[in-house]
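The values are calculated or read from the model by the stated rules, or taken from the named source; none is laboratory data. Please read all numbers here as calculations on a predicted model, not as lab measurements. Note: ideal-geometry Cβ built from the backbone for every residue, glycine included; neighbour counts use all protein chains shown.
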Amino acid sequence: MEKGKVVLAFSGGLDTSICIPLLREHYGFDEIVTVAVDVGQPEADITRATEKGQKLADKHYTIDAREKFVTDYVFPSIKANGSYEGYPMGTALARPLIAEEIVKVAQKEGASKIAHGCTGRGNDQLRFDFIFRSAGYDIIAPMREMNLTREWEICYAQEHNVPVTVAKDKPYSIDENFWSRSIEGGNLEDPAFHPPEEIYAWTVSPKDAPDAMEEVRIEFEQGVPVALNGKRLPGIALIEELNLIAGRNGVGRNDMIEDRVLGLKARENYEHPAATVLLAAHRDLEHLVLTRSELAFKHIVDDKWSELAYMGLVHEPLFYALNAFIDKTQERASGFVDVGLYKGSLRVLGRSSDLALYSDDLVSFDSTTIDQNHAVGFSNYFGLQARLFQNLKKR
Ligand code: ARG
């Protein structure tokens, strides 16, 4: 049996709630400290976690990491056009930050171990473990180690006076912060099952969205969104407002088959209205300001960045190096993009930048700045080797 103090990553949900009696009874810890980290979950979830932690654990911390989440994780992800198989990675981006805040508490509290409620099937266990192990902590993961089922957990909770909030008719596992809302479990586990309207909280059904297109203007400075419709806003406020605007137009629903790190394929449903708009606008702006070779190379960099971010390997040296490259390119990613939102779809309507590599004088049908005859010489050599190859075949 273990002795001493353990710090538990705490959300107030069923898994982490029953971890408290389990850590006492099954593992034998005599002091349990719960930590809830606020990365923009619904306020009610944070309140629930705080109240439950205070009631059930020996000591509880709620840490506000929202600002840090936007500045250190969401903004870099926009710069990297962060997307894993089409998922903007809200959950993935938040995990390293949550883990790091928990490590700080563990150090302050002089805890011997860190516990979390992740199962042995998902990605979160890997993202958390990586940070905890990097900080030198041993990990306790009761759900994974004891191979627990939901049903057993609910019984155990009832026996231990742990309030259960999972409703039988809505058995979804939801993870939410302001970058994305993920909905898993229940009948959604059948990939052929059509998602019912009740799983959505941020977006209206496209068929109920307004019949007129709504336009938004996003202004970027060095790859980071700084203003919405001409109003300068701090990151959190900008994302929250854009979630509302795009959500009411039905933009940002995502139903996909996702390849988890372990190799399992999972059916995932997401809502991420603001992320959908910001990523589309940012990508478009890059096409205006970056060179063709920068764009092609950055595509590869962005993909690799996203893969590492998805895995939570944010302290992999390659991740630092990719960030350095990305930041260099973003020095010129300033300007605005106008986006039209209409019944679940999105279209870039226009873009502008003082740093555009675009010259209407050169490209215009109406301009004589370029002497078109100069293209003849270029064209003489164009595709030369392919032409020589085709000639071989004629012999
Ligand atoms: N599949 C996503 C990821 O690995 C989302 C996981 C959401 N977690 C949850 N408990 N609903 O990042």
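Results, tabulated for the structure shown:
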read-out	value
Hits in segment 305-345 - residues which are surrounded by 15 or more Cβ atoms within 10 Å (Cβ to Cβ) and among the basic types (Lys, Arg)	Arg332, Lys343
Filter pass, Tyr73 being modelled with pLDDT of 95 or more, under 29 Å from the mean Cα position of the chain (by Cα), under 22 Å from Val314 (Cα atoms) and of a type in the set (Phe, Trp, Tyr)	yes
Residues of segment 1-54 that turn out to be basic (Lys, Arg) and touching a strand residue (DSSP E or B) at 6+ places or on another chain (Cβ under 6 Å), as a count	1
Residue among Pro171, Pro163 that is closer than 30 Å to Glu25 by Cβ, more than 19 Å from the chain's Cα centre (by Cα), at pLDDT below 95 and more than 16 Å from the ligand (Cβ to nearest atom)	Pro163
Test: residue in segment 42-60 that is under 14 Å from Thr165 (Cβ atoms), crowded, with 17+ Cβ neighbours inside 10 Å and of a type in the set (S, T, N, Q)	no
Out of Leu188, Leu238, sole residue that is crowded, with 16+ Cβ neighbours inside 10 Å, away from the ligand (no atom under 16 Å from the Cβ) and part of a helix (DSSP H, G or I)	Leu238
Inter-residue pairs, beta-carbon under 7 Å, first without any contact (Cβ under 8 Å) to a residue 24 or more places away in the chain and in segment 222-249, second among the basic types (Lys, Arg), 6+ apart	Val226/Arg232; Asn229/Arg217; Gly230/Arg217
Lone qualifier among Cys118, Cys155 - being at pLDDT 90 or above, farther than 30 Å from Pro273 by Cα and of a type outside the set (Gly, Ala, Ser)	Cys155
Pair list, Cβ under 7 Å, 6 or more apart: segment 295-306 residue within 11 Å of Ile326 (Cβ to Cβ), other residue assigned to a helix (DSSP H, G or I) and among the charged types (D, E, K, R)	none
Residue count, segment 263-318 (criterion: within 14 Å of the ligand (Cβ to nearest atom) and among the charged types (D, E, K, R))	5
Unique residue being at pLDDT 95 or above and surrounded by 10 or more Cβ atoms within 10 Å (Cβ to Cβ) when the list is Val348, Val363	Val348
Qualifying residue in segment 37-50 (condition: outside any loop (DSSP other than H, G, I, E, B), in contact with a helix residue (DSSP H, G or I) (Cβ under 6 Å, 6 or more places away or on another chain), within 26 Å of Met143 (Cα to Cα) and at pLDDT 95 or above)	yes
Residues within segment 272-289 that are under 14 Å from Asn81 (Cα atoms) and more than 14 Å from the chain's Cα centre (by Cα), tallied	8
Index of the failed condition, Arg144 passing every other in (1) more than 30 Å from Ser112 (Cα to Cα); (2) within 16 Å of the ligand (Cβ to nearest atom); (3) part of a helix (DSSP H, G or I); (4) not aliphatic (A, V, I, L, M)	(1)
Flag if Arg127 is within 23 Å of the chain's Cα centre (by Cα), at pLDDT 95 or above and part of a helix (DSSP H, G or I)	yes
Residue in segment 211-231 that is touching a Lys or Arg at 6+ places or on another chain (Cβ under 7 Å), within 16 Å of the ligand (Cβ to nearest atom) and assigned to a loop (DSSP other than H, G, I, E, B) present	no
Residue that is nearest to the ligand (Cβ to nearest atom) [pool: residues in segment 248-262 that are within 17 Å of the chain's Cα centre (by Cα) and not in a strand (DSSP E or B)]	Arg260
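Yes/no matrix, rows are residues, columns are (1) away from the ligand (no atom under 16 Å from the Cβ); (2) surrounded by 19 or more Cβ atoms within 10 Å (Cβ to Cβ):
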residue	(1), (2)
Gly82	no, yes
Thr91	no, yes
Ile102	yes, yes
Val105	yes, yes
Lys108	yes, no
Ser112	yes, no
Thr119	no, no
Gln125	no, yes
Asp138	yes, no
